[in-house]
Amino acid sequence: MPAETDRPIGMFDSGFGGLTVARALIDLLPNENLVYIGDTARYPYGPKSATDVRRFAIELANSLVHDFKVKMIVVACNTAASVVLHELQATLSVPVIGVVDPGAQAVVRASKNKKVGVIGTAGTIASRAYEGAVAKASPQVILTATPCPGFVEFVERNETTGVAVTQLAEKLLAPVRDAGIDALLLGCTHYPYLSEVISQIMGPDVVLVNSADETALVVQEALLKTNMARSLSSSSKGEHEFYSSGDVQHFAELGRRFLGPELSAAKYWQTKSN
Ligand code: DGL
């Protein structure tokens, strides 16, 4: 019978974005087992209603607990975390970690002039989750929050550079560029793949912050606190399983380009509803 600590960490996102968090987790905690589900059949979550996103996230989280027996869940999607993190934390039998608070703390720490920005999906920005998280991290900090509809679709098409995405970014980033910020949080797990374009537009004086590394540190801390870290003496490296509710071949091919060789194959995860 496998040790309790051998149970995997479960993660989910609407698609490929959460792979930025998976990468950080694998790098920081290489011997942890991991199950990742990308809900590509129902992406993007950003423009969907909070009711739909909540339903999807609850379905994914329950599957991770019951079908995969995970020991912890990482909601590797800002849109889902903004809507349903607290509910999942209150109802599930395992610890649940989101990306919003770790990101907010990191961007506040990165700012010297105490003016920060966050960009995210329409759903994330409308939820005002970052207003609360940044104020909790530091009440003096002024936040400019701007939605970037369309960014996720460019990433999912692997069109992370080029004229079209740059033109869209010029337009969407204008409010944060004009706000005098010195640190910008990429408040969507897909956006780190657009870092090149975003940093070109924001200029060298604005630090880009992504929540992936910070979230991985929070996971490590939570595992240690609950005595659930997989023993370092475990002979094997962690196993990493990847699932997609859409085209698994496409998920494996594009996902490998984003995450690296650990994503050698993907399996199918069946949604219960649309
Ligand atoms: N990557 C997700 C996020 O962090 C979701 C993007 C989407 O599906 O619209 O918000």
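Taken together, the values in this text are just the output of simple stated rules run on the coordinates, not laboratory data. All values derive from a computational prediction rather than experimental measurement. Note that we place each Cβ from the backbone using ideal geometry, even for glycine, and neighbour counts take in every protein chain shown.
Assorted remarks:
- Choice from Val70, Val35, Val141 showing the highest fluctuation, given a GNM over the chain with Cα pairs closer than 10 Å: Val141
- Each label point was placed 7 Å from the Cα along the Cα-to-Cβ direction; for Thr271 and Thr51 their separation is 1.7 nm.
- You can think of it this way: the chain between Ala126 and His66 has 18.5 nm of extra reach, that is 0.36 nm per residue less the Cα-Cα gap.
- Between Asp178 and Gln249, the FRET efficiency estimated from the beta carbon spacing at R0 = 51 angstrom works out to 0.75.
- Euclidean distance between Cα centres, the range 147-220 to the range 1-56, Å: 20 Å
- Rel. contact order, % - alpha carbon contacts under 8 angstrom, at least six apart, the chain: 26 percent
- Rounded to the nearest 20, the size of the Cβ-charge dipole of the chain about its Cα centre is 400 debye, with Lys and Arg at +1 and Asp and Glu at -1.
- Cross-link pairs beyond the 24 Å C-alpha cut-off, checked among Lys237/Lys267; Lys48/Lys69; Lys69/Lys267; Lys48/Lys272; Lys69/Lys225: Lys48/Lys69
- Taking Cβ atoms as reference points and 14 Å as the exclusive limit, the residues near Gly255 contribute a net charge of -2, counting Lys and Arg as +1 and Asp and Glu as -1.
- Per-peptide average of other Cβ atoms within 10 Å, ordering 145-156, 160-171 highest first: 145-156, 160-171
- Here each label is just a point 7 Å from Cα along the line to Cβ, and for Ser264 and Ser236 those points are 1.1 nm apart.
- Gyration tensor verdict on the range 75-139 (Cα atoms; rounded if a/c is under 1.5, prolate if a/b is larger than b/c, oblate otherwise): prolate
- Using the Cβ of Arg157 as centre and a radius below 15 Å, the other residues enclosed give a net charge of -4, where K and R count +1 and D and E count -1.
- For the chain, alpha-carbon Rg relative to the globular expectation (2.2 N^0.38 Å, N residues): 0.96
- Spin-label model, Ser93 to Ile201: label points 7 Å out along the Cα-to-beta-carbon direction sit 4.6 nm apart.
- Label reach from Leu217 (point 7 Å along Cα→C-beta): in the range 107-146, amide nitrogens under 13 Å belong to 107-111.
- Segments 179-186, 259-266, 22-29 sorted - mean Cβ within 10 Å per residue, highest first: 179-186, 22-29, 259-266
- Cα shape, the range 157-274, gyration tensor, a/c 1.5 rule: oblate
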